[in-house]
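Beneath this line is the structure, given in structure tokens, with notes to follow.
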Amino acid sequence: MVAIKGFIVEKKQTINTYAQMWNVAQLFLEKAKKDQTGSTWTTMASLIFTAFTLEAYFNHIGEKLFKSWKALENLPPLNKLDVICEKLEIKLDYSRRPYQTVKALFKFRNELAHGKTVRLSTEEILNLEVDIDKYLGEQLKAWWQKYCTQDNGVRAREDSEKIIRLVHESAKIKDDPLFFLGIASHSAKVTA
């Protein structure tokens, strides 16, 4: 009888990071819709993860389209999109949806990723009909704070999905890009 010493275990896994982040963005947006308390922050998180999704997808598809993607990987996200769309002969127009939305989304992402203290001030002449107490209670907001609306969160996801699906289809890839989280395999052998 041969004594078993143990097992040789082999595991492999591919994780489509962009698809994971897509789900995180959806979770935060749903939370923002259900609970208005702190919804600006959960919407902010959804917007950030939507931007992360796009950049991770550009890296995912870029590796498939370009042998030299490592040399292009450090480009800003919109430049990555430009290169990918040029390769796939997709016409870009940043003055219209969905590209207009993505341009604003990456501006938002950059404002937070490279955050700085913002000092705001205003001076206005108000007429006597204005509820001065209400007006004084309203805080000034930076551009990125104003961007954290649920409408922008929904629009960013809709337009990001359009771009991802268009790129995926143009690259002639059959799987569903947003629901394919990855693939895993494993095996074990007895060792004597």
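Results, tabulated for the structure shown:
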| read-out | value |
| --- | --- |
| Rg/Rh ratio calculated on Cα atoms of the chain (Kirkwood radius) | 1.16 |
| Hydrodynamic radius of the range 9-87 per Kirkwood, over alpha carbon pairs, in Å | 14.1 Å |
| Relative compactness, the range 98-192, computed as alpha-carbon Rg over 2.2 N^0.38 Å | 1.90 |
| Given charges at beta-carbon only (K, R positive; D, E negative), |dipole| of the chain in Debye | 1020 debye |
| Relative intensity, log₁₀ I(q)/I(0), of the range 133-182 from a Debye sum that treats every alpha carbon as a point, q = 0.18, 0.23 Å⁻¹ | -0.71, -0.89 |
| Residue order, fewest to most beta carbons within 10 Å, for Lys174, Lys5, Lys80 | Lys174, Lys5, Lys80 |
| Ranking of Lys67, Lys141 by count of other Cβ atoms within 10 Å, fewest first | Lys67, Lys141 |
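Every number in this text was worked out from the coordinates using simple rules, so none of it is lab data. Small disclaimer: the values here were computed from a predicted structure and weren't measured. Every residue, glycine among them, receives a Cβ derived from its backbone with ideal geometry; neighbour counts consider all protein chains shown.
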